[in-house]
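Only the coordinates and a few stated rules stand behind these numbers; no lab work does. Owing to the predicted nature of the structure, the values given are computational and were not obtained by experimental measurement. FYI the Cβ positions are ideal-geometry reconstructions off the backbone, even for glycines, and counts take in every protein chain you see.
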Amino acid sequence: MPDDDRDESPDERADRNWDELLQELRVSQTGVQLLAGFLATLPFQSGFDKLDGFQRGWYVGLLALAFTTVGVTLAPVAIHRRVFQDGAKPELVRAGHRLTMAALVLISVMLGGILFLVVDVVYDRWAAAASALASVVVLVVLLVALPARVARD
């Protein structure tokens, strides 16, 4: 049901939208933080020294991407802390929405990149590229096409 059909004030709508956004962020933050923490531990594992230069560079790029993604998923909370009780809930919801959409893109890129690295280490670069391409297709279907279909219906 669209927001316009609800019997709520603009402030109530902003509160509800913020609560819903927080629930979405809770789900994504946990996964992103776990992935970032896992990536941060890899250099301390015994097999890490077997990675070639390309793989190490890819890993460092993934680590930077993971920590950027953590920052993007935490940013709405930081904004909320800054504007708390300033009557800026609609602006907060808009900023949180944009940051959450950016986080979904970053998470998708990170997942494809992690898949590429793992398959590259386990098999070879061609299999890694094919796996990463397949992950892009799957994620576009799940994160773009499916939501668009649901919105249309």
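Note down the relative contact order for the range 91-153 as a percent, whole number, built from C-alpha pairs under 8 angstrom at least six residues apart.
24 percent
For the range 3-152, rounded, prolate or oblate, judged on the Cα gyration tensor with a ≥ b ≥ c (square roots of eigenvalues), a/c < 1.5 rounded, else prolate if a/b > b/c? It would help to have the intermediate numbers written out before the result.
On the way: a/c = 3.94, a/b = 1.90, b/c = 2.08.
Since a/c reaches 1.5 but b/c is at least a/b, the shape of the range 3-152 is classed as oblate.
Using a Gaussian network model of the chain in which every pair of alpha carbons under 10 angstrom is joined by a spring, one finds that among Gln45, Gln33, Gln23 the greatest mean-square fluctuation is at Gln45. Between Glu12 and Ala134, the simple label model (points 7 Å from Cα in the Cβ direction) yields a spacing of 5.0 nm.
Placing +1 at every Lys and Arg Cβ and -1 at every Asp and Glu Cβ, with all other atoms neutral, what dipole size does the chain have around its Cα centre, in debye to the nearest 20?
580 debye
What is the fewest-to-most order of Lys50, Lys89 by other Cβ atoms lying within 10 Å of their Cβ?
Lys50, Lys89
The angle between the Cα long axis of helix 53-83 and the longest principal axis of the Cα atoms of the chain comes to about 10 degrees, rounded to the nearest 10. Taken one residue at a time, the phi angles of the range 32-47 give Karplus couplings (6.51, -1.76, 1.60, θ = phi - 60°) of 5, 5, 5, 4, 4, x, 4, 4, 5, 8, 4, x, 8, 8, 5, x Hz. Gly and Pro are set to x. Ranked by how many other Cβ atoms sit within 10 Å of their own Cβ, fewest first, the residues Tyr59, Tyr123 fall in the order Tyr123, Tyr59. Farthest toward the positive end of the dipole of the range 3-152, out of Thr100, Leu35, Gln23, is the Cα of Leu35, where the dipole comes from beta carbon charges about the Cα centre.
I need to check one value: relative contact order of the chain, counting alpha carbon pairs closer than 8 Å and at least 6 residues apart, in percent. It rounds to 23 percent for the chain.
The angle between the Cα long axis of helix 89-122 and the longest principal axis of the Cα atoms of the chain comes to about 20 degrees, rounded to the nearest 10.
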